[in-house]
Amino acid sequence: MSGTRRALARILICAFLGVFGAVALSGPARAATDCETMTPTDINCDFLSDWAVGIPNASSGRGLVEWRLGNEADPGFGTVTAASLGFAASAAGDRFGASVLITDVTGDNYADLLIGAPGYQGAGAVYVAYGSPTGIRTGVGGRILPPAEALTTAPRFGEAMGLLQDTTGQAIVVGAPGWDGAKTDAGAVFWANLGEAGSLGVWSQFNQGAEAETGDAFGAPLAVRGTTVMVGTPLENIGSKTDAGQVTVIRMVHGANWSPGWSRYLNQDSPGAPGSTKAGDRFGAAIDLGPQSMFVVGIPYEDIGSDTNTGAVQRFTMSDTGTPTWLLRLHQDSAGVPGQGEDGDHWGAAVATGYNWWDEKPMLFVGAPGENIGSAADAGAVTYLTGSTTVTGRGLEQGDELGGKAEKGDQVGARLAIFLDDGEEDSIDGVVIGAPGEAIGSVAGAGLVIVDEGLVSVNFEAYPALGGPIAGQRFGDVPGRSR
């Protein structure tokens, strides 16, 4: 990296942090050694994808994040806390690690970690942990505090995050589902450009003409890809149908600053949408933005035939002007989908989209944490699907491809996250599968993550928390997202 680019990286991160108000940097924002190219989630510039998991329940809700390098020959790993980044130690209830985004915010080609702590001082914060040749750096980090517009009672700033980007710049998007506005916990999202001072923006359902209601919690879940933001509001009431759910799609425009070009809110009663809105469906409980402009929405409480809370997934695309094209509505009884829908499967409680560059096919992972495996209730499972207009796939469960033993309450598939590969023709995006209910020995609810760096080899590895099993910690509830 040239000296000019190094200086630009420092300017960008400082300006970026300053947009939201307080800045707390105790050192340079760049890595110690230059990295000319990168894999999107490569923390240490060894051209391999790395991953991270947040544990917001650790230490009475103080929280921490674990990171691991995806190098089997030299597997680096470590933990991140507010204190390890040079800040005061987290307080109980800060929930450091409630969201984790793996991306490069300094421009030095080392992937960094953006870490949400939505309970910090009752308002929330986002921390920045910098990548380096040896992994995540210690003793130096950034912190983004919410703007004045977010300082309502417990806005939970940092509960979700995403990164806007085009060829001319980037912006951080932060969900604050506890933001009040005119209604308690109506929720909002905030954004700020990297390196463009004064570029703060805020968006809520009040902006788009939708009915913002108490408890909608707009802002989490949140998915961002390119210039598109999608926000799920699974607790949204549609007419008299409580918790029916909907999603909002916002197309951002990067001019002098980022600003919304248009927004659309969609639910199962939208024109042309398959299915119909029913109370308790929670459309939008899980969302992701995939390759080829694919929007994916989980509906984990959808009834299928006479089966209740079986779950479904809706896919659609959006035109440049905001017109949706409704594609497949999938469930476990759909053609090409393995398994069979049953009461309480909650298929669609988690969704993650990636791309198989080897076969040039989009990939979709769907979690069903309520799936019974034999006599093990709520052991959980994951469905892996490929294809666009039609799908084929296979089921992934413990005792089979995922290894280990399916046990009651494991909740495999409760959370999913893709970590992006390099986009070469022989590569496949990897996946992190959370099993937060997994018991480790006699320690209940300690949690587990199951990781695969590419489904060509089907090489799933299971990882417990580095610090050992702790009851109720639910390791795997927050796998780091790469977008």
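The values are calculated or read from the model by the stated rules, or taken from the named source; none is laboratory data. Not measured: the values here are computed from a predicted model. Note that each Cβ is placed from the backbone with ideal geometry, even for glycine, and that neighbours are counted across all protein chains shown.
Yes or no: the range 289-302 includes at least one residue that is out of contact with any Ser or Thr (no Cβ under 8 Å at 6 or more places or on another chain) and of a type in the set (D, E, K, R). Taking every residue of the range 289-302 in turn, none turns out to be out of contact with any Ser or Thr (no Cβ under 8 Å at 6 or more places or on another chain) and of a type in the set (D, E, K, R).
If the requirement is being small (Gly, Ala, Ser), surrounded by 15 or more Cβ atoms within 10 Å (Cβ to Cβ) and part of a loop (DSSP other than H, G, I, E, B), which of these qualifies: 232, 322, 275, 298?
Within the list 232, 322, 275, 298, the selection yields 275.
Counting only residues that are within 26 Å of residue 304 (Cα to Cα) and assigned to a loop (DSSP other than H, G, I, E, B), the range 235-272 holds 15 of them. Taking first residues from the range 340-356 that are on the phi > 0 side of the Ramachandran plot and partners that are at pLDDT 95 or above and in a loop (DSSP other than H, G, I, E, B), the Cβ contacts under 6 Å between residues at least 6 apart in sequence or on separate chains come to 344/309; 344/370; 346/300; 346/311; 346/369; 346/370; 348/300; 348/311. Checked against (1) modelled with pLDDT of 95 or more; (2) under 21 Å from residue 417 (Cα atoms), residue 310 meets all criteria but (2). Annotation note: of 110, 120, the sole residue that is hydroxyl-bearing (Ser, Thr, Tyr), more than 22 Å from residue 217 (Cα to Cα) and either surrounded by fewer than 23 Cβ atoms within 10 Å (Cβ to Cβ) or at pLDDT 90 or above (or both) is 110. Among the residues of the range 95-107, just one is outside any loop (DSSP other than H, G, I, E, B) and either touching a Cys at 6+ places or on another chain (Cβ under 9 Å) or surrounded by fewer than 24 Cβ atoms within 10 Å (Cβ to Cβ) (or both), namely 103.
Of all residues in the range 162-187, those satisfying the criterion of being of a type in the set (Gly, Ala, Ser), at pLDDT 90 or above and under 16 Å from residue 207 (Cα atoms) are 175, 176, 186, 187. Only a single item in (1) of a type in the set (A, V, I, L, M, F, W, C); (2) crowded, with 21+ Cβ neighbours inside 10 Å; (3) assigned to a strand (DSSP E or B) is not met by residue 202, and it is number (2). Checking each residue of the range 131-151 against the condition of being within 16 Å of residue 479 (Cα to Cα) and either among the polar types (S, T, N, Q) or modelled with pLDDT of 95 or more (or both) gives no match. Quick check: is even one residue across the range 50-69 assigned to a strand (DSSP E or B), surrounded by fewer than 24 Cβ atoms within 10 Å (Cβ to Cβ), of a type in the set (Gly, Ala, Ser) and at pLDDT 90 or above? No, the range 50-69 has no match at all.
When the range 304-315 is filtered for residues that are in contact with a Gly (Cβ under 9 Å, 6 or more places away or on another chain) and more than 14 Å from residue 391 (Cα to Cα), the ones remaining, listed by number, are 304, 305, 307, 308, 309, 310, 311, 312. Among the conditions (1) closer than 29 Å to residue 43 by Cβ; (2) at pLDDT 95 or above, residue 376 misses just one, which is (1). When residue 269 is tested against (1) of a type in the set (D, E, K, R); (2) surrounded by fewer than 18 Cβ atoms within 10 Å (Cβ to Cβ); (3) under 16 Å from residue 173 (Cα atoms), exactly one condition is not met: (3).
Against the numbered list (1) farther than 15 Å from residue 291 by Cα; (2) among the aliphatic types (A, V, I, L, M); (3) in contact with a Lys or Arg (Cβ under 6 Å, 6 or more places away or on another chain), residue 304 comes up short only at (3).
In the range 81-94, the qualifying residues are those that are out of contact with any Ser or Thr (no Cβ under 7 Å at 6 or more places or on another chain) and buried (at least 24 other Cβ atoms within 10 Å of the Cβ), and the one that is farthest from residue 434 (Cα to Cα) is 85. The residues listed here are 138, 134; of these, the one that is touching a residue at least 40 places away in the same chain (Cβ under 8 Å), in contact with a helix residue (DSSP H, G or I) (Cβ under 6 Å, 6 or more places away or on another chain) and part of a loop (DSSP other than H, G, I, E, B) is 138. The requirement of being outside any loop (DSSP other than H, G, I, E, B), buried (at least 24 other Cβ atoms within 10 Å of the Cβ), out of contact with any Ser or Thr (no Cβ under 9 Å at 6 or more places or on another chain) and not polar (S, T, N, Q) is satisfied by residue 381. Look at residue 378 and say whether it is out of contact with any Pro (no Cβ under 7 Å at 6 or more places or on another chain) and either more than 21 Å from residue 285 (Cβ to Cβ) or not β-branched (Val, Ile, Thr) (or both). No; evaluated as a whole, the condition is false for this residue. In the range 332-349, the count of residues that are surrounded by 22 or more Cβ atoms within 10 Å (Cβ to Cβ), within 30 Å of residue 405 (Cβ to Cβ) and touching a Lys or Arg at 6+ places or on another chain (Cβ under 8 Å) is zero.
The conditions of being touching a strand residue (DSSP E or B) at 6+ places or on another chain (Cβ under 7 Å) and in a loop (DSSP other than H, G, I, E, B) are met by residue 341. Name the residues in the range 140-154 that are of a type in the set (D, E, K, R) and closer than 13 Å to residue 176 by Cβ, would you? 149, the sole residue that qualifies. In summary, residue 262 fulfils each of the numbered conditions (1) over 23 Å from residue 147 (Cβ atoms); (2) in contact (Cβ under 8 Å) with a residue 40 or more places away in the chain; (3) crowded, with 18+ Cβ neighbours inside 10 Å with the single exception of condition (3).
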